[in-house]
Each structure stands twice: as C-alpha cells, then as structure tokens.
Amino acid sequence: MKMNNDNLKALLQRFVDEASADAMAEDIRKADALMDRYPSPALGGEAVERIQGRVAAACAAHRRRRIVFGGAGFAAAAAALVIVLFGSRGAYPPAVQPESMPIVSAPVPAPVRELPAVSLNLWDDAFETGVDDSYAAIREELDNISASIEAVKVIHRIPAQDFPADRYFYRDDVESRDTLLITTDFWKG
Amino acid sequence: MADQQELSTFIKRLQKRDAAAFGELVERYGGRCYGYFYRLCGNPEQSEEFVSELFAKLVEKIGTFEGGSFDKWLFTVASNQFRDYLRRQYRYKRLLDEAAEEQRRQVDQTPERPGEQAILDKLQWAMEKLDKETAELLMFRYYGQMSFRELAEMRNEPIGTTLSKVHRGLKRLRMMMEDTE
C-alpha cells in the first residue's frame, strides 16, 4: 500500500529532536512494511458483483424517489400559487357596511369555461408499487392534496381564453360565486 | 486518482447516480474498504456486508462531497459507518475477546514456520490486541492512504498528537508480530 510518508522526518522534527525523529520515522516505515507483507484477504469477484448489483438497485431507487418527491413538491407549489393568485380575486360581502360608504353591488362575472379536473396521479404507472416503502405514505399525501384542491371553490372573472386548460384546478359553478369557500386547512400551508 | 480532471468528471457521473460509475467505484475502492473493515472486525462475511452497505450509502451521500480529497471523504463515511456499528454492538468487546482468544489458540497450534494463513491470523490477532481507537486510526491511515495532516484534521486534534498515537500503535503492533515470529 502506498503510504503518504512525505517529509515524515521533517514533520517529526517539529516535535522531537533529530535522533528521535529518525528513530520514530524508522519505526513507522518498518510497521508499514510489515502491514504490506501481510495483506488482508482480497474481495472476491463474486462479492464485487453482488455489491455492484446492490449499488445499481440503490441508484434506481434514488432516481424513483426523486421523481416522486419532485412531483409532490411541484403539485404543492402549484396549489399554493393558484391560491395566492386567485384566492384574493372577486367580491367579498363586507361584514360591516359603513354609512359613509356607498353600497356597490358586485358585478356579474364574465362567462367562464368549465375546466376538467386534472388527476394528480401522474406517476401511477411510472414504477412498480410495493417496491419503495415510502410509496404508500407519499401516495396518501398526494391524494389528500388532490382532495384539498377539489374542495376549493374559486371566484374569478378571468375570461376563458386567459385560463388555459392545463391548469390543475377546475372551478365550481359560477352561480355560487359569492362566497370563497375553503373547506380544508390546506391553503394555510 | 492521479488526474484531477478525471476525478472531477467521475464525481459528476457519481452525483448523477450513474450505476456504471458506481460499479467502477466498487472496483477501484472495494478492495481497500474490505481490507479496512476486515482488519477492524476480523470477519470476512461481516466485512463484505460492511462494504456493501458503505457503497449503497455512498449513492445517497455522494451529493455531500464538496471537493478536496475523495479518499478522505470516502473513508470518513466508512469510519462513521463502523463506529455506528460498534455502538449497536453491546457485546462487541466480549466477541472481540473471544475472537482474540480463538486466534491465540490457533497461533499456539501453528508449526515453527507458519503458513500464510496463520501469519495473516497472527496480524489479525495482533490487531485485536490493540484498543479500538488505535486499531481504527492505524487502519484508517493505512487503507485510506492519508497523510498525518489529513488524519489530524479529520480527528480534530493537533498533528503532534496524531503522530504520537500512530507511532505508538505501529510500534506496539510490530513488537507483537516480531515476538511471535
């Protein structure tokens, strides 16, 4: 084994006198030579293949986890973004109507287009179930997110052409627009 | 690895979790890692399991390599893994003493000029006579091929202390081996 004994004597001389440094350096070199003379058993070829197989499986499992966590993170970020963007739009019935303020009726919203619900189960067929122990827990969490998204009813006045079909939400019937109803605590983050 | 550029390219492949790159990593470092674990635990099957666990762990931990000596980083992960194993083994010391006793019995039965396997056992027997900290330090230095400066930095101690511990441990090891030859 190639030992890193560069300038060993010079290093030892920082702490002991020259004669002691010589003796210590010689002790270390002889011991290293002894270890070289009696090497440990070698790792067999079959063992190397077994280890390589396990490592390949670990690489594949790591890539699968990146897909799952990446998808869950993206869905959560998209949900938060839509709530932030569209949650404050629309008219809210005021709790108190001051006398000095004119009462303004909410305008009729523009016709909106019903958008299809988009399944968040983007990765059902991406990999085998039961392989990753965390899959069941992640899947449950994603189902909860999907249910939360379905439960949000958003008031909007966005023309249909400005709201593309590939968004992850669909809007409830506009006739119930007067109330922003959030049935879960999902939006609280 | 002699070439820094080659190492940098290789690390990037590892960080992409390229299975072929990890296969190469096993070929390059598997032998040294096996020797390190074998000298510390003395059991071939356990040593192979350690190596297998180590490289599986490296798939997850490769993202934490931030440059510098790759050998030092890899053997630091190996050292931490072995220490975790020791902490889990409440009866490790008793097993070690039993193994040392068994090794001693085997050594006593060898002829005047022992065969190679008996000599290997003798070195293992001598290793097991050392305290765990010294044994691990010597094997970390030998199989990790680290300088005394790197060793001292990793152990967070003055370089003079590391030098002294290594010298004392190696001298004792050599004396035990020479006494039985």
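Just so it is clear, none of the values below were taken in a lab; they were calculated from the coordinates. Here the structure is a predicted model, which is why all the values come from computation and not from measurement. Positions of Cβ are backbone-derived with ideal geometry, glycine not excepted, and every protein chain shown enters the neighbour counts.
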| note | When chain B is treated as a Gaussian network with springs between alpha carbons less than 10 Å apart, the largest mean-square fluctuation among B:138, B:95, B:58 is found at B:95
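Provide B:140, A:74 in ascending order of the number of other Cβ atoms located within 10 Å of each residue's Cβ, fewest first. Could the numbers behind the result be given before it?
Numbers: B:140 24, A:74 13.
Fewest-to-most ranking of B:140, A:74: A:74, B:140.
What number comes out for the charge environment of residue B:3, summing +1 per Lys or Arg and -1 per Asp or Glu over other residues with Cβ under 15 Å away?
0
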| query | Looking only at B:56, B:78, B:126, which one moves most when chain B is put into a Gaussian network model with springs between Cα atoms under 10 Å? | reply | B:56
| task | Choose one answer from B:127, B:146, B:154: the residue with the largest mean-square fluctuation in a GNM of chain B with alpha-carbon springs under 10 Å. | result | B:154
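Taking Cα pairs under 8 Å and at least six residues apart, what relative contact order does chain B come out at, in percent? The partial results should precede the final answer.
Values: 108 pairs, mean separation 38.8, N = 181.
Answer for chain B is 21 percent.
Just rank B:8, B:69, fewest to most, by other beta-carbon atoms within 10 angstrom.
Going from sparsest to densest Cβ surroundings: B:8, B:69.
Kindly identify chain B as rounded, prolate or oblate by the Cα gyration tensor criterion: order the square roots of the eigenvalues as a ≥ b ≥ c, call it rounded if a/c is under 1.5, otherwise compare a/b with b/c, prolate if a/b is larger, else oblate.
Working: a/c = 2.02, a/b = 1.66, b/c = 1.22.
Prolate, because a/c is 1.5 or more and a/b exceeds b/c.
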| 23 Å Cα-Cα threshold exceeded, pairs from B:61/B:132; B:72/B:132; B:61/B:165 | B:61/B:132; B:61/B:165
| remark: Contact order relative to length for the stretch B:25-94, counting C-alpha pairs under 8 Å separated by 6 or more residues, stands in percent at 28
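Is there a quick way to get the dipole size of chain B? I mean about its Cα centre, with the Cβ of Lys and Arg at +1 and of Asp and Glu at -1; what is the value in debye to the nearest 20? Show your work: numbers first, answer last.
Working: 30 positive and 31 negative charges, 118 e Å.
The calculated dipole for chain B is roughly 560 debye.
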| note | Diffing the stretch B:60-75: the Karplus 3J(HN,Hα) column from phi (6.51, -1.76, 1.60, θ = phi - 60°), in whole Hz with x for Gly and Pro, holds 7, 8, 4, x, 8, 6, 10, x, x, 6, 5, 4, 5, 4, 5, 6
| What's the long-distance tail for the stretch B:1-96, i.e. % of Cα pairs beyond 16 Å? | 57
